[in-house]
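One structure is given below, encoded as structure tokens.
Computed from the coordinates by the stated procedures, all read-outs in this text should not be read as laboratory data. Because the structure is predicted, anything quoted here is derived from the model rather than measured. Because the Cβ atoms are built from the backbone with ideal geometry, glycine has one as well, and the counts that use them run over all protein chains shown.
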Amino acid sequence: MTTKQFDVVVIGGGPGGYIAAIRAAQLGFNVACIDEWKNAKGGPALGGTCTNVGCIPSKALLQSSEHFEHAGHGFADHGIKVSGLALDIDKMLARKDQVVKQNNDGITYLFKKNKITSFHGRGSFVKAAEGGYEIKVAGAAEETIVGKHIIVATGSNARALPGAAFDEENILSNDGALRIGAVPKKLALIGSGVIGLEMGSVWRRLGSEVTVLEALPTFLGAVDEQIAKEAKKAFDKQGLKIELGVKVGEIKSGKKGVSIAWTNAKGEAQVLDVDKLIVSIGRVPNTIGLAADAVGLALDERGAITVDGDCKTNLPNVWAIGDVVRGPMLAHKAEEEGVAVAERIAGQHGHVNFNTIPWVIYTHPEIAWVGQTEQQLKAEGRAYKAGTFPFLANGRARALGDTTGMVKFLADAATDEILGVHMVGPQVSELISEAVVAMEFKASAEDIARICHAHPSLSEATKEAALAVDKRTLNF
Ligand code: FAD
Ligand code: NAI
């Protein structure tokens, strides 16, 4: 049997890998993508963490739980009476699974459309070979293929707490957190980062009493302080109990649930007994089973594949992208790197601007930002101007009945160039795009302030915050 040869072999079919495969195919390469994710029936499920146990299912449950909360608490203000409100958790989870499947199927279709050869199984390095690298594919059958260029996009896994391994029954990673079959009466989360807040919100809205234990003394340290403070106020009001500056001790898991020993910020010993525990303390780059050693692929001290700014590894024609390399663990960052690498392989000048990667936390209110925070600018000693505008003064927000939060602009004191835009409030996951475009085009705050924004729209808060940089808001 002749060994199958490809111009590009992508290992991993998450947002980094599948997008890299599509872009490489668009550029005329003969492409294979190897992915080992299995659906409930053991079949392929392209899309990686993002599609299967990350971005997509979490947003499906965030939407469903938000509808439930509106029906229970929000509609009355609009003069809508709801009686007999009940939760069908099985249906909610089945809908989430259906949304995941639509996305899996969508990627399968895109692979066919782009004539990408898809392998279901684990890809591992065998050796450098004539014409590239030999990669073993271990799935239902085993075979070896050769790729001239290899793109490693093997993603990341949830980090476990020492002494509290994930059993996905009582001690849950993001995977188990997305398929709890009955609403837990009491739920704890360790880590008040992005997953802690999103998953904590889902289960609180559905009726759990939620406590989040966070080691750091500051809430959302990477977020602009003013925005984080505003968000914390809203979460406190909702009853999401967030304990900062804690030290987590022994965790015991048994038939009755989980018992967590912890020390609060004042140094007082506490015990928290809950039905379920979600551990969301960050993620670790995944190179399990890749056999990086077989070819001498270098990893850094965190276990991430070492790459330069262009995603080149220490080996010729071996590239790595997404969560398995440095930088933020975000799907859109992985995708941009995938596109850039495919273009670099084609001799083009693929580029990722790390300064304009947006972040969104899909809680309610949503939190979104791009660029530098006020505390970063202060630490740098950069002269800046700040402008804020509250949603309370925005007509559309009032009509929606959703006036929490604000938009904040930070611009260079001398040139007025936008350095950062920070938002907390309704639908800011969508509003942030305007700020990303503006920063990509090196716009000034005044550029945004002079652009016509539709009325009434939430985007007027963006325009007004830009006007606020020059102390000339019109509606506040
Ligand atoms: P992954 O998506 O992890 O894909 C890697 C793939 O490679 C997997 O399918 C894996 O099975 C496969 N693989 C690994 N090793 C091998 C091997 N040796 N052979 C074959 N296949 C292999 N990001 C956002 O931008 N927005 C969000 O809203 C968001 N929400 C999230 C919610 C949760 C609960 C979690 C956990 C993450 C979320 N993320 C979000 C982060 C996002 O999911 C990741 O940044 C993104 O999936 C990284 O993409 P990737 O392609 O690098 O890796
Ligand atoms: P995270 O890095 O966002 O937050 C982890 C939190 O856990 C931090 O606040 C950290 O201080 C805390 N922590 C660490 N060790 C601890 C300990 N021993 N005890 C108590 N607290 C501890 O990580 P998270 O939430 O697990 O998410 C992983 C990544 O997935 C995110 O960083 C993000 O890149 C991605 N993600 C993105 C989403 C989005 O874009 N909306 C949604 C969910 C995840």
Inset, instruction - Taking H placed 1.01 Å from N in the peptide plane, check which residues at least 5 places from residue 122 or on another chain put their amide H under 5 Å from its amide H. - result: 138, 139
Legend entry - Note, ³J(HN,Hα) from phi for segment 29-34, Karplus 6.51, -1.76, 1.60, rounded to Hz, x at Gly and Pro: 7, 8, 10, 10, 10, 10
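Which value, in debye to the nearest 20, describes the size of the charge dipole of the chain about its Cα centre when Lys and Arg Cβ atoms bear +1, Asp and Glu Cβ atoms bear -1, and nothing else is charged? The partial results should precede the final answer.
Numbers: 51 positive and 55 negative charges, 163 e Å.
It comes to approximately 780 debye.
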Legend entry - Relative contact order [Cα under 8 Å, 6+ residues apart], the chain, whole percent: 14
Legend entry - Neighbourhood net charge (15 Å Cβ-Cβ; Lys/Arg +1, Asp/Glu -1) for residue 306: -4
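Using Cβ counts within 10 Å as a stand-in for footprinting exposure, how do 463, 233, 96 rank, fewest first?
Going from least to most buried by this count: 233, 96, 463.
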Inset, instruction - Find, among the GluC sites (Glu not before Pro) in segment 134-212, those assigned to loop by DSSP (not H, G, I, E, B) with at most 16 other beta-carbon atoms within 10 angstrom. - result: 168, 169
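Tally Lys/Arg at +1 and Asp/Glu at -1 over every other residue whose Cβ is under 15 Å from the Cβ of residue 226; what's the total?
Values: positive: 229, 232, 233, 378, 385, 408; negative: 224, 225, 230, 374.
So the environment of residue 226 carries a net charge of +2.
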Inset, instruction - Take the alpha carbon atoms of segment 356-469, find their radius of gyration, then divide it by 2.2 N^0.38 Å using N residues; give the quotient. - result: 0.98
Inset, instruction - Among 263, 462, rank each residue by its count of other Cβ atoms within 10 Å, from fewest to most, as a rough exposure measure. - result: 263, 462
Inset, instruction - Taking just the C-alpha trace of segment 171-281, give me its Rg and Dmax in Å. - result: 13.4, 43
Legend entry - Cα-based Rg / Dmax (Å) for segment 1-158: 20.5, 72
Inset, instruction - Counting helices only, and only those DSSP H runs with n ≥ 4, report the 222 nm mean residue ellipticity of the chain as the sum of -39,500 (n - 2.57) divided by its residues, in deg cm²/dmol to the nearest 500. - result: -9500 deg cm²/dmol
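What is the fewest-to-most order of 242, 321 by other Cβ atoms lying within 10 Å of their Cβ? All intermediate terms of the calculation are to be shown ahead of the outcome.
On the way: 242 20, 321 34.
Sorted ascending by nearby Cβ count, the order is 242, 321.
Where Lys and Arg each count +1 and Asp and Glu each count -1, what net charge lies around residue 107 among other residues with Cβ under 13 Å from its Cβ?
Result for the neighbourhood of residue 107: 0.
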Legend entry - segment 34-96 - Rg over Rh from alpha carbon coordinates, Kirkwood radius: 1.17
Inset, instruction - Pull up the DSSP beta bridges for the chain and report the antiparallel fraction as a percent, rounded to 5. - result: 65
Inset, instruction - Please report the relative contact order for segment 171-281, taking Cα pairs under 8 Å with a sequence separation of at least 6, and give it as a percent rounded to a whole number. - result: 35
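Over the residues of segment 327-413, compute the C-alpha Rg and express it relative to 2.2 N^0.38 Å.
Working: Rg = 17.5 Å, N = 87, 2.2 N^0.38 = 12.0 Å.
For segment 327-413, the normalised Cα radius of gyration comes out at 1.46.
For segment 171-281, what is the percent of antiparallel DSSP beta bridges, rounded to the nearest 5?
Of those bridges, close to 45 percent are antiparallel.
What does the convex hull of the Cα atoms come to per residue for the chain, in Å³?
Working: hull volume 81.9 nm³, N = 476.
That works out to 172 Å³ per residue.
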